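The next block holds one structure in the form of structure tokens; read it before the comments.
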Amino acid sequence: MTRPSPLLDLPGAVAGNGIDAPVAAHYGSFNGEQRTLESGAGFVDLSHRDVLRVEGPERLTWLHNLTTQHFLDLAPGAWTQALVLSPQGHVEHAFEGYDDGSAFTAHTEPGAGPALAEWLERMKFMTRVEVSLVPDLATMWRPAGGDPRGKFDLVPRDQLTAYAAAAGPACGLWAFEALRIARGEPRLGLDTDHRTIPNEVGWIGPAVHLDKGCYRGQETVARVHTLGRPPRRLTLLHLDGSENRLPVRGSDVMLGEKSIGFVGTSARHHELGPIALALLKRNVATDAELLVDGIAAAQEVVVDPEVGLHVRPLR
């Protein structure tokens with residue numbers, strides 16, 4: 001397990017839970033911290049995320065051939081997202097990183113790094129690349145002008161306290177998560193399952209480049225994109241706040257007596273109230289009132305039910 005962040009020693013820090021336990025959930029006011037981030041100030045400690053590095057002269061060509069992203073023309077310093085798919089097109093790994101001209105360094109979900117590094121190691125064959133985990137680098141996040149996704153920084157772990165002093169004020173993971181969920185951005189393994197394909201969760205574009213050569217799982221992605229109608233769709237749920245609780249992740253989303261999906265991550269947004277991401281069957285009406293873990297929920301479209309080359313997105 002990732003070691004606890006030294007920033008848990010900052011005043012007011014309250015540790016998260018589950019896989020997010022090594023970093024602060026908040027520093028005393030998660031609503032105020034959301035407003036701070038939206039104002040363009042502050043930073044978020046994501047140092048529990050795993051970091052890995054790919055080195056060698058063939059690294060970008062190799063990553064281009066293995067993943068969903070176009071790496072051949074990646075400019076030094078430019079960040080990019082990528083996925084590794086199964087032969088059936090299901091998402092197995094997701095990561096985000098940049099190349100500095102000599103190595104590609106990326107971060108992924110807490111605990112997901114070893115499996116990703118092991119898979120990449122198996123794919124080396126005769127390619128001149130070296131793959132390694134980098135436990136001494138930590139992921140941090142801060143707002144970045146007009147980009148709603150903000151900016152990631154990879155910081156030496158022994159410099160985290162100095163980074164916090166320069167980039168403050170510190171804002172907790174609950175604030176970061178509330179803003180992420182409101183944007184409709186899923187976390188692999190929390191808002192997805194083993195059957196998830198990129199088309200279902202809005203990863204076409206950000207993490208999947210449609211104009212590149214063959215890669216594992218491409219046939220599924222291309223077919224669904226061309227014909228439309230993915231089996232399921234990511235949606236933003238607006239939850240009834242009178243329950244004063246959030247749904248348990250993985251709970252069934254119910255339409256009447258029928259389960260039509262599952263709920264992923266949830267949060268309390270300072271303006272929207274309680275919200276969550278859910279993966280639902282594509283043919284569920286977008287205006288249907290739902291029930292999740294006993295909580296009434298209304299939908300806001302994230303992925304169009306008819307998403308694909310042949311339709312105009314709803315938003």
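Could you say whether any residue in segment 256-271 is open to solvent by 60 Å² or more (accessible area, probe 1.4 Å) and hydrophobic (A, V, I, L, M, F, W, C)? The answer is no; no qualifying residue exists. Applying a threshold of 7 Å to beta carbon distances and a minimum spacing of six or more residues, or different chains, the list of pairs starting in segment 66-84 at a residue that is closer than 13 Å to GLU96 by Cβ and in contact (Cβ under 8 Å) with a residue 24 or more places away in the chain and ending at one that is open to solvent by 40 Å² or more (accessible area, probe 1.4 Å) and in a loop (DSSP other than H, G, I, E, B) reads THR68/HIS209; GLN69/HIS209; GLN81/PRO206.
Within segment 53-93, restricting attention to residues that are touching a His at 6+ places or on another chain (Cβ under 9 Å) and over 17 Å from LEU188 (Cα atoms), which residue is least open to solvent (accessible area, probe 1.4 Å)? Filtering first and then ranking leaves PHE71. In this structure, does THR139 turn out to be touching a His at 6+ places or on another chain (Cβ under 6 Å), among the β-branched types (Val, Ile, Thr) and in a strand (DSSP E or B)? So THR139 fits the description; yes. Here is a check on your reading of the model: is VAL201 open to solvent by less than 20 Å² (accessible area, probe 1.4 Å), touching a Pro at 6+ places or on another chain (Cβ under 6 Å) and either outside the structural domain of LEU188 (by the TED database) or not charged (D, E, K, R) (or both)? Criteria met by VAL201. Step by step: first the residues of segment 279-292, then only those that are farther than 24 Å from TRP203 by Cα and open to solvent by less than 50 Å² (accessible area, probe 1.4 Å), then the one that is farthest from the chain's Cα centre (by Cα). Which residue is that? Once the filter is applied, the top-ranked residue is ALA288.
Scanning segment 107-137 for residues that are closer than 30 Å to ALA41 by Cα and either of a type in the set (Val, Ile, Thr) or in contact with a Leu (Cβ under 6 Å, 6 or more places away or on another chain) (or both) yields THR108, GLU109, GLY113, VAL134, LEU137. Tell me which residues, restricted to segment 204-249, are open to solvent by less than 40 Å² (accessible area, probe 1.4 Å), closer than 26 Å to GLU271 by Cα and of a type in the set (Ser, Thr, Tyr). Scanning segment 204-249 gives a single hit, THR235. Residues that are closer than 16 Å to THR2 by Cα, in a strand (DSSP E or B) and under 14 Å from the mean Cα position of the chain (by Cα) within segment 94-133 comprise HIS107, THR108, listed in sequence order.
Checking LEU52, LEU83, LEU37, LEU63 one by one, the residue that is in contact with a Leu (Cβ under 8 Å, 6 or more places away or on another chain) and closer than 30 Å to CYS214 by Cα is LEU52 and no other. Has segment 215-224 got at least one residue that is over 30 Å from ASP293 (Cα atoms), of a type in the set (Lys, Arg) and in contact with a strand residue (DSSP E or B) (Cβ under 9 Å, 6 or more places away or on another chain)? Taking every residue of segment 215-224 in turn, at least one turns out to be over 30 Å from ASP293 (Cα atoms), of a type in the set (Lys, Arg) and in contact with a strand residue (DSSP E or B) (Cβ under 9 Å, 6 or more places away or on another chain). Look at segment 193-220: where a residue is farther than 20 Å from ARG180 by Cβ and a partner is acidic (Asp, Glu), sitting 6+ places away or on another chain with Cβ atoms under 9 Å, you get HIS194/GLU92; GLY217/GLU92. Taking segment 254-273 as the range and being in contact (Cβ under 8 Å) with a residue 24 or more places away in the chain and either within 11 Å of VAL292 (Cα to Cα) or not in a strand (DSSP E or B) (or both) as the test, the residues that pass are MET254, LEU255, ILE260, GLY261, PHE262, VAL263, GLY264, HIS270, LEU272. With respect to the stated conditions, LEU63 fails to be in contact with a Ser or Thr (Cβ under 7 Å, 6 or more places away or on another chain), within 30 Å of GLU130 (Cα to Cα), of a type outside the set (S, T, N, Q) and in contact (Cβ under 8 Å) with a residue 12 or more places away in the chain.
The values are calculated or read from the model by the stated rules, or taken from the named source; none is laboratory data. What you see is a predicted model; the values in this text were computed from it and never measured. Methodologically, a virtual Cβ is constructed for each residue, glycine included, from the backbone with ideal geometry; neighbour enumeration extends over all protein chains shown. Side chains are part of the model used for accessible areas, which takes the heavy atoms of the whole protein and leaves out ligands, DNA and RNA. Shrake-Rupley method; radii C 1.70, N 1.55, O 1.52, S 1.80 Å.
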